[in-house]
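Data first, discussion second: the structure below is written as structure tokens.
The values are calculated or read from the model by the stated rules, or taken from the named source; none is laboratory data. Predicted model only: the values in this text are computed from it and were never measured. Note: areas computed on protein heavy atoms with side chains; ligands, DNA, RNA excluded. Shrake-Rupley method; radii C 1.70, N 1.55, O 1.52, S 1.80 Å.
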Amino acid sequence: MFTLEIDGTAVAVINSDEASAKDLFTCDGFKEDIRTMTTGGKPLWNGTSPLKVRAATEDEVEIFEDALAEDDGEGDFVDDPHHTETDSDDADEADIVFLVDIDEDEADA
């Protein structure tokens, strides 16, 4: 598993190999997503800070596994139009767990 770190803060963990983690965490669609997502009222990414992909720590792996175990699969999943053109197999898809609290969209609240 690999972690996306921004300005020294671990932001997300993905269960994939390093090449796939780097591809996903640095693709234009994901970067746009993390520029618009906020935590504590601040954007996850300012658009200029380096995006560091590193091996996940044991604690981060545990958080990831706990989050997947708690996921009941009943969330509102919406296909990301930035990633619909990929021909990936469902078995090859990686899961991402954010390690920071993401602010709810005010329109959804």
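Full extension from E58 to D28: what is 0.36 nm times the residue separation minus their Cα-Cα distance, to one decimal in nm?
Values: separation 30, 0.36 × 30 = 10.80 nm, distance 2.86 nm.
Difference between extended and current length: 7.9 nm.
Roughly speaking, to the nearest percent, how much of the stretch 3-57's 1.4 Å accessible area is carbon and sulfur? Walk me through the numbers before you get to the answer.
Values: 1340 of 2790 Å².
Accessible surface attributable to carbon and sulfur in the stretch 3-57 totals 48 percent.
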